[in-house]
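Single-structure report; data block below.
The values are calculated or read from the model by the stated rules, or taken from the named source; none is laboratory data. Here the structure is a predicted model, which means the values were calculated and not measured. Neighbour counts run over all protein chains shown; Cβ positions are idealised from the backbone, glycine included. Ligands, DNA and RNA are stripped out before the accessible areas are found, and what is left, the full protein with its side chains, is counted by its heavy atoms. Shrake-Rupley method; radii C 1.70, N 1.55, O 1.52, S 1.80 Å.
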Amino acid sequence: MQSIIIYSQSGNHQCEAADVLRIESSSNYSRIFFTNEKRPLLVAKVLSYFESTLPACTFTRVHRSHLVNRQYIKEVIDCKQSGLQIHLVNGEIIGVSRRKKAAFIRSFESGWEHATLQIPVLPSSYSLAV
């Protein structure tokens, strides 16, 4: 897997991309959540920087403020009131934006054996092979 160096106020951190659970943006900063740490790392980088740096086959942008590691998605549920939701292996729930929904569902066609997709009714334009 790809090793990355993250520059933050507390120093430089080297980690594997596989250890990153998700990244959440907050204005011109990003919070990086790791699988093995309780507290996120705050860095002065925008989310698009990480989107272009991290492998696209592993990370997917599901919202304006969220980049998620596909390895840690447990299930995806389409709730009628709140829309598409991603349930991560650590119990966190992240909403998928309406604009990213179609592209996110198409990405399931590339095969995510470890995740379950629970979408009761899809428009006719969607086709899933899970």
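In whole angstrom, note down how far apart the Cα centers of the range 60-77 and the range 11-48 are.
Their Cα centres are 14 Å away from one another.
Which whole-Hz ³J(HN,Hα) couplings does the range 56-69 yield from phi under the Karplus relation 6.51 cos²θ - 1.76 cosθ + 1.60, θ = phi - 60°, glycine and proline marked x?
Result, ordered by residue: 5, 6, 9, 10, 9, 8, 9, 7, 4, 10, 9, 10, 10, 7 Hz.
Averaged per residue, what accessible surface does the range 1-116 expose to a 1.4 Å probe, in Å²?
Numbers: 6790 Å² over 116 residues.
Averaged over the residues of the range 1-116, the accessible area is 59 Å².
How many nm separate the modelled label positions at Ala56 and Ser107, each set 7 Å beyond the Cα in the direction of the Cβ?
Result for the modelled spin labels: 1.1 nm.
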